[in-house]
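The structure appears right after this line, and notes come after that.
Bear in mind that the values in this text are calculations on the coordinates, not laboratory data. Treat the numbers as computed from the prediction; the structure is a model and nothing was measured. Positions of Cβ are generated from backbone atoms using ideal geometry, with glycine treated the same way; all protein chains shown enter the neighbour counts.
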Amino acid sequence: INFKQFDIVHASPNADIIVTAGAGTGKTETMSERLLFLLSTWREAEAIAGSNPRRLGLDDIALVTFTREAAREMRKRIARSIALRQRLAPRCVQPVKSWLLQLGRARISTIHMFAKSLLIQTGGALGLSPKFRISSQRRDFQRLVLASLSTHLPKLYEQDRDLPPV
């Protein structure tokens, strides 16, 4: 990784990180390494802050991307990086096996799925039913168009009886 990527990977554990760059520039690798850095160092960071030290788990971190393909690639890269550490240091002091087991539960998703999961978890506070559904934009658009046109359609039909039904 280059110097800028190194700074992102080793930024303060309390920092929120946003990585934006073009295709093929190493965003996925940088964020994979950032995640492993946080998993490796969080205990020390909390102990220094004076709070009750505990290990950070993969389910404590949210990695959000824009496409499902990018989310799948991120999960794959993290698994590869964890496995590589295990192979390079068989007596690794990091709990890499537990990280691999937690990887299935990790919140690595698209922004849409992340927002949906937040609504499912906390929607009750907003007055949403636990069984709420997010409808497609197409159906919402159709409803909007129909609602807008419904007041004008009778007038149009009076003027031209050959109009097809909506």
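Show me 72-82, 103-113 ranked by packing, highest mean number of other Cβ atoms within 10 Å first.
Details: 72-82: 17.3, 103-113: 15.5.
Top to bottom by mean Cβ count within 10 Å: 72-82, 103-113.
Run the quick spin-label model on Ala83 and Leu126: label points 7 Å from Cα toward the beta carbon, then report their separation in nm to one decimal.
Going by the 7 Å Cα→Cβ label model, 3.8 nm.
If you plug each phi of region 102-111 into the Karplus form 6.51 cos²θ - 1.76 cosθ + 1.60 with θ = phi - 60°, what whole-Hz ³J(HN,Hα) values come out, in order, with x for Gly and Pro?
6, 4, x, 9, 5, 8, 10, 8, 6, 4
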